[in-house]
Amino acid sequence: MKKKLSKKAKRRIVIFSLIGVVAVYFVVSSRVKASQPMMVMTTNAQIGDIDQVLTTSGTVESEQTKTYYSPVGASIMAVNAELGDEIHSGDVLVAYDVADLETAKQQAEYRTQAAVNNYLGTAEQNKQSGGKYEEASTNLDILEQQIAAQRELVKQMKDVLLNKTNEMKNKYSKKDVELQKKLQTEQANLSSAETGEAREQINWRIRNIQSEITQNSYDLAMVDQNLELRQMQYEIDDAEEVLRKYEEKQTEMKSQKNGNEASQSSKYNAASLNANANESKLSQQIAEENLETAQNGVVAQFDGIVTAISAKEGALATEGMELLEVQSNKEVCVKIEVTKYDLEKVKIGQKADLTIAGNAYEGEISKIYHMATKNAAGSSIVQALIHIKNPDDGIFLGIEAKVRLYTAASKQAILIPNEVINADMNGDFVYVVEEGVVVRKDITTGITSDLYTEVLSGLSTEDQIVLDSSSVTEGMNVVQMPQNVEEQPEE
């Protein structure tokens with residue numbers, strides 16, 4: 001007779017049975033799941049154009065720098081630029097006080113006159129001693145030079161007088177134009193005046209202006225009687241009198257030479273005096289050139305920015321002293337630092353896109369330095385210059401520029417996304433799906449952009465490339481899900 005099971009025993013049997021069923025379910029489920037192929041996303045290689053771009057930054061610099069030195073020794077009257085100022089070709093950067101140079105020029109003229117007079121006096125002594133022929137010959141050489149110099153002096157004095165006269169006349173003429181305009185304005189106001197009081201005030205101003213016009217016309221007519229101009233004319237008259245005497249002396253010496261061709265005099269003394277006179281004339285010429293140079297001042301030779309100033313108003317500038325430095329803001333470049341890893345990619349003539357202070361510019365590699373230096377991090381770098389082809393007023397020297405340098409390009413190349421490429425000891429490779437199986441394909445790559453890499457060999461556009469290779473291995477069975485690509489990749 002069978003024994004009846006207790007309720008406790010029956011409960012245990014039910015529990016163990018349920019546990020067994022669950023265990024069997026998980027074992028069977030895991031085996032079924034393991035036998036199913038994994039689903040992977042794939043893509044095709046594409047045909048397109050690719051640019052290899054080196055992205056970096058640099059500093060805007062000038063390609064044309066000039067340091068201006070003082071051409072003369074003189075006091076600086078004005079410095080017409082400050083550090084950082086933009087200046088233009090033809091601007092007077094430094095002006096000189098020419099008073100001392102004018103004095104030096106006048107002293108040189110006196111020395112020349114004295115040398116010539118000394119020669120003439122000695123020649124007179126030779127004449128008295130019987131050396132009339134040599135005296136006349138030598139005198140004629142000196143007189144010819146002196147007459148030419150005196151004529152030039154008279155011409156210069158007349159030019160100064162003319163310029164001064166015109167300056168005065170222009171001043172009064174300009175004032176007359178201004179007064180006539182004021183008169184026309186007041187006359188127009190008179191016609192529109194609404195009250196008798198207003199018309200009376202306007203008529204009073206008109207009478208004053210007419211009086212000024214009359215006085216100005218009188219002043220203009222009396223310019224030639226100006227005391228300063230008359231004094232200048234007296235000096236011209238004196239200079240012309242000197243010239244007349246030289247010319248009379250020249251006529252006399254020609255007559256003396258013709259009448260005493262057989263005579264001889266001291267050649268050595270005459271030659272020495274002639275040399276002294278010529279030396280004095282050379283000193284005078286230098287003094288005149290120095291004065292003219294100082295009057296012109298230091299003039300900018302090109303547009304640019306003042307980057308250094310050592311000139312100070314009121315200071316005495318010695319000849320050759322450094323005054324200021326100007327860097328062009330029209331001929332500009334960006335200086336970049338190239339690492340040893342990128343150096344082989346950078347070549348003269350490569351194009352670049354530049355961004356400076358938010359503005360876009362075109363550039364081109366114009367120079368690569370052939371000496372490495374250390375950057376702030378201590379790494380070896382080579383500097384290169386990118387010429388800015390289209391500079392404008394948005395260019396500021398010394399600021400940072402963003403650079404996209406196009407180091408290589410390939411047309412109609414086989415392109416794949418960068419993320420599908422794997423690498424090991426044997427080189428670069430990708431995983432492709434062939435008949436539901438993951439297969440490794442070794443590839444040779446070319447240039448690389450931010451998104452794509454050129455494939456030179458090992459792959460065709462028909463191959464289905466696994467996009468995410470982190471979860472697959474060679475030989476694995478998979479089910480591919482192709483990614484549709486309708487357009488050529490864009491950089």
*For the range 155-190, how many residues are closer than 24 Å to Ile209 by Cβ and of a type in the set (A, V, I, L, M, F, W, C)?*
6
*Filter the range 366-395 down to residues that are surrounded by 15 or more Cβ atoms within 10 Å (Cβ to Cβ) and assigned to a loop (DSSP other than H, G, I, E, B) and give me whichever is modelled with the lowest pLDDT.*
Ile395
_Of everything in the range 418-442, what is surrounded by 18 or more Cβ atoms within 10 Å (Cβ to Cβ) and out of contact with any Phe, Trp or Tyr (no Cβ under 6 Å at 6 or more places or on another chain)? Give them in sequence order._
Val420, Phe429, Val430, Tyr431, Val432, Val433
*asked:* I need the full set of residues from the range 332-365 which are hydrophobic (A, V, I, L, M, F, W, C), in contact with a Phe, Trp or Tyr (Cβ under 8 Å, 6 or more places away or on another chain) and buried (at least 16 other Cβ atoms within 10 Å of the Cβ), in order please.
replied: Ala352, Leu354, Ile356
*asked:* Looking only at the range 296-345, filter to residues that are closer than 21 Å to Glu362 by Cβ and of a type in the set (Val, Ile, Thr); which one of those is farthest from the chain's Cα centre (by Cα)?
replied: Val338
*Note down all Cβ pairs under 6 Å where the first residue falls in the range 315-333 and is closer than 30 Å to Ile386 by Cβ and touching a residue at least 40 places away in the same chain (Cβ under 8 Å), the second is basic (Lys, Arg) and surrounded by fewer than 16 Cβ atoms within 10 Å (Cβ to Cβ), and they're at least six residues apart or on different chains.*
Val326/Lys66
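Which residue out of Met222, Met168 is surrounded by 15 or more Cβ atoms within 10 Å (Cβ to Cβ), assigned by TED's automatic domain parsing to the domain that holds Ser137 and at pLDDT below 85?
Met168
Out of all the residues in the range 63-88, which are hydrophobic (A, V, I, L, M, F, W, C) and over 13 Å from the mean Cα position of the chain (by Cα)? Don't jump to the end; show me each part of the working.
Restricting attention to the range 63-88, the residues satisfying the condition of being hydrophobic (A, V, I, L, M, F, W, C) are 72, 74, 76-79, 81, 83, 87.
Scanning the range 63-88 gives Val72, Ala74, Ile76, Met77, Ala78, Val79, Ala81, Leu83.
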*Given the range 416-471, what strands (runs of 3 or more DSSP E) lie entirely inside it while holding 1 or more residues that are under 15 Å from Thr43 (Cα atoms) and of a type in the set (A, V, I, L, M, F, W, C)?*
427-434, 437-442, 452-457, 464-466
_I'm told Thr112 meets every condition in (1) among the hydroxyl-bearing types (Ser, Thr, Tyr); (2) over 20 Å from the mean Cα position of the chain (by Cα); (3) modelled with pLDDT of 90 or more except one. Can you identify the failing condition by its number?_
(3)
*Could you grab me the full set of residues in the range 205-234 that are among the aliphatic types (A, V, I, L, M) and in contact with a Ser or Thr (Cβ under 8 Å, 6 or more places away or on another chain)?*
Leu220, Val223, Leu229
*From Ser460, Ser410, Ser470, which residue is surrounded by 15 or more Cβ atoms within 10 Å (Cβ to Cβ) and polar (S, T, N, Q)?*
Ser410
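The values are calculated or read from the model by the stated rules, or taken from the named source; none is laboratory data. From a predicted model like this one, the values you see are computed outputs, not experimental measurements. Note that we place each Cβ from the backbone using ideal geometry, even for glycine, and neighbour counts take in every protein chain shown.
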